[in-house]
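Okay, structure first, notes after.
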Amino acid sequence: MDTLPQLVLILGVALVAALLVGFLRLPAVAGFMLAGAVIGPSGLGLVGDVHAVELLAEIGVILLLFTIGLEFSLKRLRTIARLVAIGGALQVGLTSVVAVGVARALGQSTARGILIGFLIALSSTAIVLRGLSERGETDAPHGRFTIGALIFQDLCVVPMMLLIPILATVEHSGSLDVLAVSGDLALALGKAAGFVVIALAAGRYVVPPVLRRVDAARSREVFLIAILVMCAGVAILTALVGLSLALGAFLAGVLLADGSYGQRAMSNVLPLRDLLTTIFFLSLGLLFDVRVIRDHPELIAGLFAAMFLGKGLIATLACLAMGFPSRVAWLAGVGLAQFGEFGFVLAREAQAAGLLPEADAKALLTAGLLTMFVTPLAMRIGPHISAGARLLAPLERLLGARSVDDADASGATALKGHVIIGGYGVGGRLLADALRQLQMPYVVLELDAEAVRRAPPADSVYLGDVTSAEALEHAHLVDAAAVVLLLTDGAASRQAIATIRSLTHTIPIVVRARRLSEHTELRALGASDVVSEELEGGIETLARVLRLRATPANLMAALVRGAREAHGETARRISLPRNRKGEVDELAELKVESIAVPPHSPALGQPLPPSAALVIALRRGSDLIEAPTDVVLASGDVLYVVGPRPAAYALAARIDPNVGDPREASAPIPVAPA
């Protein structure tokens with residue numbers, strides 16, 4: 001069959017598969033791979049030549065990694081550098097060592113055992129990142145660990161590829177030139193490191209001016225072509241120095257992420273990426289050969305268990321060793337349990353070198369494809385299975401971060417009427433900071449060990465799983481005033497609510513949700529109040545646009561109230577953004593200033609001095625006096641005045657001579673202390 005009819009057939013099957021899995025509420029990736037297996041050479045045979053599809057599939061993977069890189073600026077990568085270096089090394093190293101041990105126990109040579117360890121250690125970057133992105137979990141603790149491990153795996157492809165011919169030589173001859181091998185590895189890694197440094201320098205000094213020239217053309221097509229050339233160019237250059245194409249595409253995205261063109265590049269590339277990654281997942285299904293399962297069912301079952309269960313367990317232990325709680329380790333293990341795309345590349349190289357017999361390669365790759373089929377379903381189901389996290393609980397504190405049960409030892413047993421905060425992201429830090437300033441007690445439970453280590457001791461941040469009854473008991477749930485859930489994992493929020501309600505029915509639970517559609521379900525589970533990011537963001541946008549259009553406050557309030565009532569009841573009081581000075585043309589010349597009365601003021605004990613500026617209020621201690629007239633100024637008073645700038649400065653100078661010449665625009669006005 002010609003290439004074009006094959007491509008049309010594949011896209012048609014992809015459409016049917018997408019509709020079917022959407023109806024069944026299954027992950028789209030699993031549906032695409034299954035559809036590929038059905039129409040492939042070992043299925044209905046509708047697509048006999050898979051090589052015509054592989055090029056488009058490879059481009060799809062490159063674009064997927066490029067868009068993932070656009071979401072990871074250099075600053076963000078620095079935050080997961082430790083996870084990449086240590087977590088990735090633990091996952092790859094432990095998997096390889098265990099694989100060598102098992103291979104030796106089964107009578108295989110050490111060289112072949114190392115190769116099998118390499119093949120199993122690699123995970124599917126495309127499948128895992130697609131799953132994390134769809135669930136919005138790339139910033140969740142298990143998402144960061146998983147991405148760090150995937151980046152390390154991609155970096156390992158270079159030395160793995162270099163070692164395959166060396167392992168083949170050892171396998172066939174039993175001898176090894178250590179000096180030659182060390183020199184080759186050092187040269188390859190040095191080239192790779194040098195290329196990365198050059199690419200980073202180009203991303204800072206070369207790419208921005210080039211894209212500014214391209215943007216000056218005011219052509220969407222020209223901009224898209226420039227972005228694709230940059231992505232493919234960096235990927236090809238990385239391949240020339242021995243790195244993987246996918247890693248080069250990821251690096252190209254990172255280079256753009258810190259600039260002003262990152263979001264625009266993302267919006268231009270997304271439709272093309274989605275199309276080609278769909279073809280990639282279908283192409284994986286085309287490689288599946290059901291005859292291998294029929295001929296060797298026990299072997300395939302054993303290899304599947306070794307990969308999915310054994311590798312998943314090792315990844316889980318590596319995550320625990322990094323100091324993460326059991327729930328994070330469980331989800332990371334589920335995410336990293338499958339075979340990887342680069343495993344196919346290494347297997348082909350090993351076959352060509354005579355290190356991996358064809359029959360063994362077919363069995364290994366068939367079992368690997370099965371793990372890739374199962375992964376999207378496992379990632380969907382994993383967050384709802386709490387048994388895995390409970391089994392890992394005894395190993396939870398292998399390393400490092402302050403666990404919530406340390407709260408008892410540090411005197412937190414006296415906690416009463418405190419707030420339990422689940423999550424220490426931006427929202428958690430804002431809430432903790434406000435409660436600390438108000439001297440209200442609180443305890444933060446966070447799953448990210450790095451975030452716990454970075455938190456100052458005064459913030460009372462502990463490593464703990466807010467979905468765990470044991471962690472909640474250590475946080476003194478029964479004595480708490482409220483629980484606030486600010487988690488990026490929606491399934492974890494639902495599980496936390498269910499756990500809290502199993503322990504107490506009276507404590508208020510405030511939960512943040514991403515979508516408005518989650519409101520009813522969360523309230524049914526027992527949430528007292530649900531804050532929808534989708535709703536609150538939409539209403540805030542509405543209010544700001546109305547303010548920009550100089551809409552009167554009463555009309556703004558009515559519109560905001562109507563928007564809230566149209567989407568359900570809310571306990572939030574209607575608040576409107578205030579007009580800033582200059583936004584109302586008629587009042588553009590007026591200034592609103594606050595003037596503090598210092599202890600050395602000549603106006604102490606005197607009534608308000610006459611001024612062209614209007615004193616609209618006076619704050620004295622905790623009292624606010626509106627429109628003050630018959631008052632005598634005292635030290636510490638704060639005046640709020642409205643008027644032209646010269647008049648406001650003139651009044652400030654009479655109250656505090658240190659304010660300077662009121663005719664100078666740079667003269668400081670004493671403001672109220674924060």
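For the subset of region 170-198 comprising residues that are under 29 Å from the mean Cα position of the chain (by Cα) and modelled with pLDDT of 75 or more, which member is nearest to residue 156 (Cα to Cα)? The selected residue is 194.
Matching residues to (1) crowded, with 17+ Cβ neighbours inside 10 Å; (2) assigned by TED's automatic domain parsing to the domain that holds residue 445; (3) modelled with pLDDT of 85 or more:
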{"position": "288", "(1), (2), (3)": "yes, no, no"}
{"position": "300", "(1), (2), (3)": "yes, no, yes"}
{"position": "304", "(1), (2), (3)": "yes, no, yes"}
{"position": "309", "(1), (2), (3)": "no, no, yes"}
{"position": "314", "(1), (2), (3)": "yes, no, yes"}
{"position": "320", "(1), (2), (3)": "yes, no, no"}
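Here is a yes/no grid of residues against (1) under 30 Å from the mean Cα position of the chain (by Cα); (2) in a helix (DSSP H, G or I):
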position	(1), (2)
87	yes, yes
91	yes, yes
95	yes, yes
101	no, yes
107	no, no
113	no, yes
120	yes, yes
129	yes, yes
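For region 511-523, enumerate the residues that are touching a residue at least 24 places away in the same chain (Cβ under 8 Å) and either under 26 Å from residue 329 (Cα atoms) or not aliphatic (A, V, I, L, M) (or both). Steps first, please.
Here is the first cut: in region 511-523, the residues touching a residue at least 24 places away in the same chain (Cβ under 8 Å) are 511-512, 514, 516, 518-519, 521-522.
Selection gives 511, 512, 514, 518, 519, 521, 522.
Scan region 78-94 for residues that are at pLDDT below 75 and farther than 16 Å from residue 142 by Cβ and the total you get is 2.
For region 502-538, give me each residue that is under 20 Å from residue 563 (Cβ atoms) and exposed (fewer than 12 other Cβ atoms within 10 Å of the Cβ). Steps first, answer last, please.
Initially, region 502-538 is screened for residues under 20 Å from residue 563 (Cβ atoms), giving 512-520, 523, 529-538.
Matches in region 502-538: 517, 520, 537.
Would you check if residue 492 is surrounded by 19 or more Cβ atoms within 10 Å (Cβ to Cβ), among the small types (Gly, Ala, Ser) and either assigned to a helix (DSSP H, G or I) or touching a strand residue (DSSP E or B) at 6+ places or on another chain (Cβ under 9 Å) (or both)? Here the answer is yes, as residue 492 does meet what is asked. Looking across 588, 667, 648, one residue alone is of a type in the set (A, V, I, L, M, F, W, C), at pLDDT below 80 and out of contact with any helix residue (DSSP H, G or I) (no Cβ under 7 Å at 6 or more places or on another chain). It is 588.
For residue 326, the conditions (1) in contact with an Asp or Glu (Cβ under 9 Å, 6 or more places away or on another chain); (2) surrounded by fewer than 24 Cβ atoms within 10 Å (Cβ to Cβ); (3) polar (S, T, N, Q) all hold with the exception of (2). Annotation: residue 658 fulfils all but one of (1) outside any loop (DSSP other than H, G, I, E, B); (2) modelled with pLDDT of 80 or more; (3) over 12 Å from residue 593 (Cα atoms); (4) not aromatic (Phe, Trp, Tyr); the unmet one is (2).
Within the group 499, 541, which residue is loosely packed, with under 15 Cβ neighbours inside 10 Å and free of Cβ contacts under 8 Å to residues at least 60 places away in the same chain?
Values: 499 fails: loosely packed, with under 15 Cβ neighbours inside 10 Å.
Result of the check over 499, 541: 541.
In region 207-231, what residues are surrounded by 13 or more Cβ atoms within 10 Å (Cβ to Cβ) and either among the charged types (D, E, K, R) or closer than 16 Å to residue 257 by Cα (or both)? Within region 207-231, 207, 208, 211, 215, 223, 224, 226, 227, 228, 230, 231 qualify. Of the residues that make up region 442-465, is at least one in a helix (DSSP H, G or I), at pLDDT 80 or above and under 22 Å from residue 491 (Cβ atoms)? No: region 442-465 contains no residue that is in a helix (DSSP H, G or I), at pLDDT 80 or above and under 22 Å from residue 491 (Cβ atoms). Screening residue 350 against (1) farther than 24 Å from residue 380 by Cα; (2) more than 22 Å from the chain's Cα centre (by Cα); (3) not in a helix (DSSP H, G or I) leaves a single unmet condition, (3).
Pairs linking a residue in region 144-163 that is under 30 Å from residue 425 (Cβ atoms) and in contact (Cβ under 8 Å) with a residue 60 or more places away in the chain to a residue that is surrounded by fewer than 23 Cβ atoms within 10 Å (Cβ to Cβ) and among the polar types (S, T, N, Q), with Cβ atoms under 9 Å and 6 or more positions apart or on different chains, are 144/79; 144/138; 146/138; 147/138.
The values are calculated or read from the model by the stated rules, or taken from the named source; none is laboratory data. For clarity, every value in this text was computed on a predicted model and none was experimentally measured. All Cβ positions, glycine included, derive from the backbone under ideal geometry; neighbour counts span all protein chains shown.
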